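Accompanying notes for the structure given below.
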Protein chains: 2
Amino acid sequence: MKQAHHPELDEISLTAVMGALSDPIRVGLVRLLADGRERGWGELRAPVAKSTLSHHLRVLRDAGITRTRQEGTRCFVVLRRDDLETRFPGLLAPVLAAADCDGVGRQVELAASA
Amino acid sequence: MKQAHHPELDEISLTAVMGALSDPIRVGLVRLLADGRERGWGELRAPVAKSTLSHHLRVLRDAGITRTRQEGTRCFVVLRRDDLETRFPGLLAPVLAAADCDGVGRQVELAASA
DNA sequence: TAGCTTGTTCGGTGTTCATCGAACATCGAA
DNA sequence: TTCGATGTTCGATGAACACCGAACAAGCTA
């Protein structure tokens, strides 16, 4: 469990972000994180194997969309909302609005407890 | 050369649009079309084989981003700006702005003449 | 120390994608 | 009708991706 690389602001690429958001599960994850709260991975319920979920979270992290923090054996993830807003002003909101309206990523849910 | 299918407004999917915009060449094409003018395919200069260009234009069309019209042996393409704005309000502008700022898709150019 | 929890990594598989050249279809012009 | 211009379609190929189960690593906890 090594600390993963997070791209700097100017390393965040538009096509990488778009690519990361082209998968319903990843969109669902972003939606869950949209309130700005940090979430433990245990809170994330998605209909995939844990290795696959790990993969998706890695794609989001590598694209610069989320930031991952480790605490003991647990990992926490948070949306890099300010960074994204700085890098691509006005991009995130319409995507979230559209996803919300369409129900894209509704298969990803929040577990009962924290 | 049969007339291709164009998705209806409510058939346009967010993830398909995001996926279509995750390739620099396609972003470049969208940038060229951003002025709303219809372009003949002969005007589009991209550093790929024509079959590949045909593929990219097909992806954009299937995603509902562009509309293709045929006239004789020539094809014309136009951005479905209003449709996109209706379906995903506010989505296109930030993407174009970010692409413009970053130079994503600058490899796609307009040929000299029409 | 032994076990439990948590997440990563490793093959493996099947799918999709970007790309090319070549062959084909279609239309307009000579 | 023959030729040229314009796109589409057809394999083919190598890369990337989504997905899984299993094995591994690392930190708690009993």
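The values are calculated or read from the model by the stated rules, or taken from the named source; none is laboratory data. The structure displayed is predicted, hence computed values, not measured ones. Using ideal geometry, Cβ is built from the backbone for each residue, glycine included, and neighbour counts are taken over all protein chains shown. Areas reflect the complete protein model, heavy atoms only, side chains present, ligands, DNA and RNA absent. Shrake-Rupley method; radii C 1.70, N 1.55, O 1.52, S 1.80 Å.
Going residue by residue through region A:94-104, is there one that turns out to be under 22 Å from B:Val104 (Cβ atoms), within 9 Å of chain B (Cβ to nearest Cβ) and open to solvent by 50 Å² or more (accessible area, probe 1.4 Å)? Scanning region A:94-104 turns up no residue that is under 22 Å from B:Val104 (Cβ atoms), within 9 Å of chain B (Cβ to nearest Cβ) and open to solvent by 50 Å² or more (accessible area, probe 1.4 Å). Residue count for region B:85-114, restricted to those that are aliphatic (A, V, I, L, M) and in a loop (DSSP other than H, G, I, E, B): 6.
Being closer than 16 Å to A:Pro94 by Cβ and either more than 13 Å from the chain's Cα centre (by Cα) or not in a loop (DSSP other than H, G, I, E, B) (or both) is a condition met by at least one residue of region B:29-44. The set of residues from region B:8-39 being surrounded by 15 or more Cβ atoms within 10 Å (Cβ to Cβ), away from every other protein chain (no Cβ under 14 Å) and not hydrophobic (A, V, I, L, M, F, W, C) comprises just one member, B:Arg39.
Quick one: which of B:Ala98, B:Ala20 is aliphatic (A, V, I, L, M), away from DNA strand D (no atom under 16 Å from the Cβ) and under 23 Å from A:Arg87 (Cα atoms)? Break it down stepwise before answering.
Details: B:Ala20 fails: away from DNA strand D (no atom under 16 Å from the Cβ).
The match here is B:Ala98.
How about region B:54-68: which of its residues are assigned to a helix (DSSP H, G or I) and either open to solvent by less than 50 Å² (accessible area, probe 1.4 Å) or touching a Leu at 6+ places or on another chain (Cβ under 6 Å) (or both)? It would help to see each step written out before you state the result.
Within region B:54-68, the subset assigned to a helix (DSSP H, G or I) is B:54-62.
Of everything in region B:54-68, those that are assigned to a helix (DSSP H, G or I) and either open to solvent by less than 50 Å² (accessible area, probe 1.4 Å) or touching a Leu at 6+ places or on another chain (Cβ under 6 Å) (or both) turn out to be B:His56, B:Leu57, B:Val59, B:Leu60, B:Arg61.
Looking at region B:79-101, can you tell me whether even one residue there is away from DNA strand C (no atom under 11 Å from the Cβ) and over 23 Å from A:Ala97 (Cβ atoms)? Looking for residues that are away from DNA strand C (no atom under 11 Å from the Cβ) and over 23 Å from A:Ala97 (Cβ atoms), one finds none in region B:79-101, hence no.
For region A:5-28, the set of residues classified as farther than 25 Å from B:Ile25 by Cα and in a loop (DSSP other than H, G, I, E, B) consists of A:His5, A:His6, listed by residue number. Filtered by the rule that a residue be free of Cβ contacts under 8 Å to residues at least 60 places away in the same chain, open to solvent by 30 Å² or more (accessible area, probe 1.4 Å) and near DNA strand C (Cβ under 8 Å from one of its atoms), region B:40-53 gives B:Val48, B:Ala49, B:Lys50, B:Ser51, B:Thr52. Residues in region B:40-65 that are within 14 Å of DNA strand D (Cβ to nearest atom) and within 14 Å of chain A (Cβ to nearest Cβ): B:His56, B:Val59, B:Leu60, B:Asp62.
Considering every residue within region A:69-80, establish whether at least one is part of a loop (DSSP other than H, G, I, E, B), open to solvent by 20 Å² or more (accessible area, probe 1.4 Å) and within 14 Å of chain B (Cβ to nearest Cβ). Working first, answer last.
Within region A:69-80, the first condition is being part of a loop (DSSP other than H, G, I, E, B), and the residues that meet it are A:72-73, A:80.
Those still in the list that are open to solvent by 20 Å² or more (accessible area, probe 1.4 Å) too: A:72-73.
Applying the additional criterion that residues be within 14 Å of chain B (Cβ to nearest Cβ) yields none.
Checking region A:69-80: not a single residue is part of a loop (DSSP other than H, G, I, E, B), open to solvent by 20 Å² or more (accessible area, probe 1.4 Å) and within 14 Å of chain B (Cβ to nearest Cβ).
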